Amino acid sequence: MRLNRRQLLIRSSAGLAAAGFALKALPAFAQSVDVEELMTPGPLPEMVLGSEDAPLTIVEYASMTCGHCANFHKYSYPHLKSEYIDTGKVRFVFREFPLDPVAAAAFMLARGLPEDKYFDAIDLMFETQSSWAFTDDPYTALLKLGQQIGYTKETAEKTLGDQKLLDSITAIRTRAGEKFGVKSTPTFFFDGNMVGGALTVAQLDAEIAKYL
């Protein structure tokens, strides 16, 4: 079913708050998955930052309506990027795990942009999350968000009606849950080893130190 206005309006602000914040980040826990299977691309191009030759690969599964994800990207991700990704120590792979239709729609807007604009859109969406993710009219809020990242109202509506794109994002989430045991966001894999929760800078440094 397409993500339409009615489907998005069903997500009241209270419902979205429950989806984004009541799903408390799990305590850090360890679980290993097959690295080759984890790194097999899904139905959409991988969104990757950093050198292919980096000694450590980190995969993050996130939801755009998750407050824990937004906090990680506000407080810890800049450190990850400047200290590890930009210096060639970490290859970072970002994957979609939408917790609700609004998160899926936001991901659709990010995916509908040229690939080199994807992470800029994700950064802006997390930064402005409270202004679009938890409103009584998320459809209109998403259209306004789309215009901030380069869409017109018409092209945003077209992207939000792209069933193939929605199915592909859904498939990425389904595979993460069924194959890799992802149940909440954010969930990270450090060279195939799962760590759940919005890691602080100190926790991030401690985890990376195990591999470098």
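The values are calculated or read from the model by the stated rules, or taken from the named source; none is laboratory data. As the structure is a prediction and not an experimental result, all values here were calculated from the model. In this analysis, Cβ positions are derived from the backbone assuming ideal geometry, glycine residues included, and neighbour counts consider all displayed protein chains. Accessible surface is based on the protein model in full, side chains and every heavy atom, while ligands, DNA and RNA are left aside. Shrake-Rupley method; radii C 1.70, N 1.55, O 1.52, S 1.80 Å.
Checking each residue in the stretch 36-57 for being buried (at least 20 other Cβ atoms within 10 Å of the Cβ) and closer than 17 Å to Tyr118 by Cα picks out only Gly50. From the list Glu115, Glu60, Glu96, the one residue that fits, being open to solvent by less than 10 Å² (accessible area, probe 1.4 Å) and touching a Pro at 6+ places or on another chain (Cβ under 7 Å), is Glu60. Within the stretch 189-204, does at least one residue satisfy the condition of being open to solvent by 20 Å² or more (accessible area, probe 1.4 Å) and in contact with a Pro (Cβ under 7 Å, 6 or more places away or on another chain)? There is at least one residue in the stretch 189-204 that is open to solvent by 20 Å² or more (accessible area, probe 1.4 Å) and in contact with a Pro (Cβ under 7 Å, 6 or more places away or on another chain). Just one of the listed residues (Ala104, Ala54) is part of a helix (DSSP H, G or I), under 24 Å from Met194 (Cβ atoms) and small (Gly, Ala, Ser), namely Ala104.
The residues listed here are Ala121, Ala141; of these, the one that is farther than 23 Å from Ile208 by Cα, open to solvent by less than 30 Å² (accessible area, probe 1.4 Å) and modelled with pLDDT under 95 is Ala141.
Of the residues making up the stretch 54-98, those that are out of contact with any Gly (no Cβ under 7 Å at 6 or more places or on another chain), more than 16 Å from Gln129 (Cβ to Cβ) and among the basic types (Lys, Arg) are Lys81, Lys89, Arg95.
When the criteria are applied in full, Leu109 fails the requirement of being part of a loop (DSSP other than H, G, I, E, B), closer than 24 Å to His68 by Cβ, of a type outside the set (Gly, Ala, Ser) and under 13 Å from the mean Cα position of the chain (by Cα). Condition check for Val33 on (1) within 19 Å of Arg175 (Cβ to Cβ); (2) open to solvent by 70 Å² or more (accessible area, probe 1.4 Å); (3) modelled with pLDDT under 95: one failure, at (2).
Is it true that Pro186 is touching a Cys at 6+ places or on another chain (Cβ under 7 Å) and closer than 19 Å to Leu49 by Cα? So Pro186 fits the description; yes. Checking the stated criteria, Lys179 turns out to be closer than 17 Å to Val33 by Cβ, in contact (Cβ under 8 Å) with a residue 40 or more places away in the chain and part of a helix (DSSP H, G or I). In the set (1) open to solvent by less than 30 Å² (accessible area, probe 1.4 Å); (2) not in a loop (DSSP other than H, G, I, E, B), the condition left unmet by Glu154 is number (1).
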